[in-house]
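In what follows, a single structure is set out as structure tokens and then discussed.
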Amino acid sequence: MEKQNIKILVTGASGLLGRAIIKTARQLNWEVAGLAYSRAGPGLEKVDITIPSQVKAVLEREQPNCIIHAAAERAPDKVENKYDETRNLNVTASENLATLARSVGSRIIYISTDYVFDGSHPPYRVDDVPEPLNKYGITKLEGEKAVLAGHPDAAVLRVPILYGPVEYLDESAVTTLLRTVQASDTPTTVSNYEKRYPMHVAAVADIVCQLVTKLLQNPSLNGIFQWSGQEQLTKYDMCVAIAEVLSLQHSHITPDNKPAPGAPRPYDSRMDNSRLEELNISAHVPFKEGIRECLQEWVSQEQ
Ligand SMILES: NC(=O)c1ccc[n+]([C@@H]2O[C@H](COP(=O)([O-])OP(=O)(O)OC[C@H]3O[C@@H](n4cnc5c(N)ncnc54)[C@H](OP(=O)(O)O)[C@@H]3O)[C@@H](O)[C@H]2O)c1
């Protein structure tokens, strides 16, 4: 398939990752249909993916070559507290989407997470048995299984903690740390326990688009893929990096060497990237460079 003839449909197109995928795909001159829910607007069609008739109508009309399924509830504490509702979105809607994708002849990539692993035995290979620690991880793993069962040619892409250009600082668990760094009058502790491998959404979008191209070139390519960022950082390390690149203080922040409170998180869920590397797929944005670019405007706005 010629690159310019690719048409993708992105669910969660108003979200942190979805916006980046749309941007990259447009730069490649692909045709793009973006679906959103509460943030639908110009160029983003409102479709509630938990309502099968709405999904069926849009897929039959758009007939994409590949669906990138990025819509989900991804806040672990929200999934703990609203399990049935979020399971319906993360699992049931994903299963339905995969079945409908198959019926219109579209490939599908389900975006998943390193939280499917318990973090006790890194690095994790694509065929290692996942054992999620919290309900978010459980719903994402069930979503993976439902998509793979509903569509024999489906692909799953597991990614780590994400950051990127945000609409509000709390939109990413990384960018929200700017508030902590800026509150230099307030002594505080930040987790220095769980090891994370943050990725800029532009790098994930790059990987997604490279994977779409490979999937469309090779009908027998399917199953689980994953990519971890190349730098290991705790949340405390991220605060120090943010402070350094924005010339802010961090002496008010003390590293906390105990597990973070709230829903249990994996200690070290580093994923092995070799399956994608063997396909010559890779992307990397150095953390300090990426986070400075994302946060600079938030600091400038306040000066
Ligand atoms: N963020 C991370 O650190 C991270 C890490 C690992 C994996 N992931 C995975 O990456 C994917 C994208 O995450 P993200 O951070 O971009 O999420 P996000 O910013 O929270 O965006 C979630 C998206 O889902 C849409 N959505 C929610 N309910 C919907 C519904 N009923 N019907 C249709 N759309 C609905 C939202 O639309 P509206 O906003 O318009 O309502 C939004 O576009 C998810 O699958 C997540 O599990 C994320």
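The values are calculated or read from the model by the stated rules, or taken from the named source; none is laboratory data. No experiment lies behind these values; they were computed from the predicted model shown. Backbone-built Cβ (ideal geometry, glycine too); neighbour counts: all protein chains shown. When the accessible area is computed, the model is the full protein with side chains, heavy atoms only, and any ligands, DNA or RNA have been set aside. Shrake-Rupley method; radii C 1.70, N 1.55, O 1.52, S 1.80 Å.
Of the residues screened, Gly164 is not one that is touching a helix residue (DSSP H, G or I) at 6+ places or on another chain (Cβ under 7 Å), over 30 Å from Gln296 (Cα atoms), in contact (Cβ under 8 Å) with a residue 60 or more places away in the chain and within 11 Å of the ligand (Cβ to nearest atom). Kindly indicate the residue of segment 98-116 that is touching a helix residue (DSSP H, G or I) at 6+ places or on another chain (Cβ under 6 Å) and farther than 30 Å from Glu194 by Cβ and also most open to solvent (accessible area, probe 1.4 Å) among those meeting that condition. Ranking the qualifying residues of segment 98-116, first place goes to Thr99.
Within the set of pairs 6 or more residues apart or between chains, which connect a residue that is more than 16 Å from the ligand (Cβ to nearest atom) inside segment 3-15 to a residue that is open to solvent by 20 Å² or more (accessible area, probe 1.4 Å) and at pLDDT 95 or above with Cβ atoms less than 6 Å apart? Close Cβ pairs satisfying both conditions: Gln4/Asn29; Ile6/Asn65; Lys7/Glu31; Lys7/Asn65. Looking only at segment 250-265, residues that are hydrophobic (A, V, I, L, M, F, W, C) and not in a strand (DSSP E or B) come to 2 in all. Figure legend. Inter-residue proximity from segment 42-66: first residues within 12 Å of the ligand (Cβ to nearest atom), second residues hydroxyl-bearing (Ser, Thr, Tyr) and open to solvent by 40 Å² or more (accessible area, probe 1.4 Å), beta-carbon distance below 8 Å, spacing 6+ or different chains. Indicated pairs: Lys46/Tyr37; Val47/Tyr37; Asp48/Tyr37; Ile49/Tyr37; Thr50/Thr92.
If you go through segment 44-55 and keep only what is over 21 Å from Arg87 (Cβ atoms) and open to solvent by 60 Å² or more (accessible area, probe 1.4 Å), you end up with Glu45, Lys46. Scanning segment 75-102 for residues that are more than 10 Å from the ligand (Cβ to nearest atom), over 17 Å from Ala263 (Cβ atoms) and not hydrophobic (A, V, I, L, M, F, W, C) returns Thr92, Glu95, Asn96, Thr99, Arg102.
Looking across segment 122-146 at every residue that is hydrophobic (A, V, I, L, M, F, W, C) and modelled with pLDDT of 95 or more, the one that is nearest to Thr50 (Cα to Cα) is identified as Ala146. Restricting to segment 129-187, count the residues that are over 27 Å from Leu215 (Cβ atoms) and aromatic (Phe, Trp, Tyr). Within segment 129-187, residues that are over 27 Å from Leu215 (Cβ atoms) and aromatic (Phe, Trp, Tyr) number 1. Give segment 196-237 a look and list any residue that's aliphatic (A, V, I, L, M) and either closer than 18 Å to Asp272 by Cα or within 16 Å of the ligand (Cβ to nearest atom) (or both), or say none. Hits for segment 196-237 are Met199, Val201, Ala202, Ala203, Val204, Ala205, Ile207, Val208, Leu211, Val212, Ile224, Leu233.
If you take the residues in segment 143-155 that are in contact with a Lys or Arg (Cβ under 8 Å, 6 or more places away or on another chain) and open to solvent by 50 Å² or more (accessible area, probe 1.4 Å), which one is farthest from the ligand (Cβ to nearest atom)? It comes out as Pro152.
Close Cβ contacts (under 8 Å, 6 or more residues apart or on different chains) running from residues in segment 285-298 that are over 16 Å from Glu171 (Cα atoms) to residues that are open to solvent by 90 Å² or more (accessible area, probe 1.4 Å) and in a helix (DSSP H, G or I) comprise Lys288/Glu244. The criterion of at least 2 residues that are over 26 Å from Lys23 (Cα atoms), at pLDDT 95 or above and open to solvent by less than 10 Å² (accessible area, probe 1.4 Å) is met, among helices (runs of 4 or more DSSP H) falling completely within segment 156-249, by 235-245.
Number of residues in segment 251-285 that are in contact with a helix residue (DSSP H, G or I) (Cβ under 6 Å, 6 or more places away or on another chain) and surrounded by 17 or more Cβ atoms within 10 Å (Cβ to Cβ) equals 7.
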